[in-house]
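Peer 1: One structure coming up, written as structure tokens, with questions to follow.
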Amino acid sequence: MYAALFPGQGSHRVGMGRALYEASPAAKEVLDRAEAALPGLLKLMWEGPEEALTLTENQQPALLAAGYAAYRAFLEAGGKPPALAAGHSLGEWTAHVAAGTLELEDALRLVRLRGRYMQEAVPVGEGAMAAVLKLPLEEIQKVLEGLEGVEIANLNAPEQTVISGRKQAVEEAAERLKERRARVVFLPVSAPFHSSLMAPARKRLAEDLAQVPLRRPRFPVYSNVTARPEEDPERIRALLLEQITAPVRWVEILRDMEARGVKRFLEFGSGEVLKGLVLRTLKEAEALSVQDPDSLRKALEVERA
């Protein structure tokens, strides 16, 4: 019994997905379909430049394609579907493609628009995000009380929380948090994601998402908004929109999975960010990544043991 995890922004790298494309017919099929839906995507994923791949509207479909390709390669090689699945922010869309809720092509087009709308919601330079380390959530919440323009965006690990909002407000919050001996790291992002400032993006995406059919997922997929598995297609549609402005409740998702008996977590796609968050959050968990032929073989060996 394992849970499938799919990463969000920040896990991209030039070359992502190429080794699996060359080794796995299933991954090749996924990535060829992605290229047909969004011409030029594979060249961007494999050759860059990194600055272009990092752009939100490019990074989101690239991560979705790489994550789903890795998952399909795992199934092709004999791996079983997960008991549960979750994705971090953008990764929730990948999880729904893996679960059959959304068609790959529909999801790719939607997340490209999602990224574009999120980028355009706030002018560059007016928003900011910062990771707050070595300080419990309760203390961070106390510091933010009375500060306008800054919100909690991601609850990634017990002592890793991300704040988001208007640049000046985030900078003021950072100074107050440092006074409490927190370590604050500003993130190299182009917009204040998962904050109320993303409301214009949510409104624009609603019109596009309304045109796309959603099915009941083949296995439960967690919502970042509720931190619970959701299976009703129309509720999923509403929560995918709400997710744009709501915090990512990742700690609660992992703990709920553990409470349901999950001890092994497989991260599909690029990077090992979620693997690290699992190990920092759950003491008894085992976490592996699947992003190339070598890591795929290791994950299969562990699953068959």
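Peer 1: Could you please let me know if residue 57 is among the acidic types (Asp, Glu) and over 20 Å from the mean Cα position of the chain (by Cα)?
Peer 2: When the stated conditions are applied, residue 57 does not pass them.
Peer 1: Just to be sure, is residue 98 open to solvent by less than 10 Å² (accessible area, probe 1.4 Å) and either in contact with an Asp or Glu (Cβ under 9 Å, 6 or more places away or on another chain) or more than 23 Å from residue 292 (Cα to Cα) (or both)?
Peer 2: Considered against the rule, which asks whether it is open to solvent by less than 10 Å² (accessible area, probe 1.4 Å) and either in contact with an Asp or Glu (Cβ under 9 Å, 6 or more places away or on another chain) or more than 23 Å from residue 292 (Cα to Cα) (or both), residue 98 comes out as no.
Peer 1: Moving on. Residue under question is residue 65, and the condition is that it be without any contact (Cβ under 8 Å) to a residue 60 or more places away in the chain, out of contact with any His (no Cβ under 9 Å at 6 or more places or on another chain) and crowded, with 24+ Cβ neighbours inside 10 Å; does it hold?
Peer 2: yes
Peer 1: Would you please name the residue that is farthest from residue 183 (Cα to Cα), looking only at residues in segment 116-136 that are out of contact with any Asp or Glu (no Cβ under 7 Å at 6 or more places or on another chain) and exposed (fewer than 15 other Cβ atoms within 10 Å of the Cβ)?
Peer 2: Looking at the filtered set, the residue picked out is 123.
Peer 1: Which residue pairs have Cβ atoms under 6 Å apart, sit 6 or more places apart or on different chains, and have a first residue in segment 1-30 that is under 25 Å from residue 51 (Cβ atoms) and at pLDDT below 95 and a second that is of a type in the set (Asp, Glu) and surrounded by fewer than 17 Cβ atoms within 10 Å (Cβ to Cβ)?
Peer 2: Within 6 Å, the pairs are 14/50.
Peer 1: List pairs: first in segment 108-132 and in contact (Cβ under 8 Å) with a residue 24 or more places away in the chain and among the aliphatic types (A, V, I, L, M), second part of a loop (DSSP other than H, G, I, E, B) and open to solvent by 40 Å² or more (accessible area, probe 1.4 Å), Cβ under 7 Å, 6+ apart or cross-chain?
Peer 2: 124/190; 129/187; 129/189; 130/187; 131/187
The values are calculated or read from the model by the stated rules, or taken from the named source; none is laboratory data. Just so we're clear, the structure is a prediction, and the values are computed from it rather than from any experiment. As a convention, Cβ positions derive from the backbone with ideal geometry for all residues, glycine included, and neighbour counts pool all protein chains shown. Accessible surface is based on the protein model in full, side chains and every heavy atom, while ligands, DNA and RNA are left aside. Shrake-Rupley method; radii C 1.70, N 1.55, O 1.52, S 1.80 Å.
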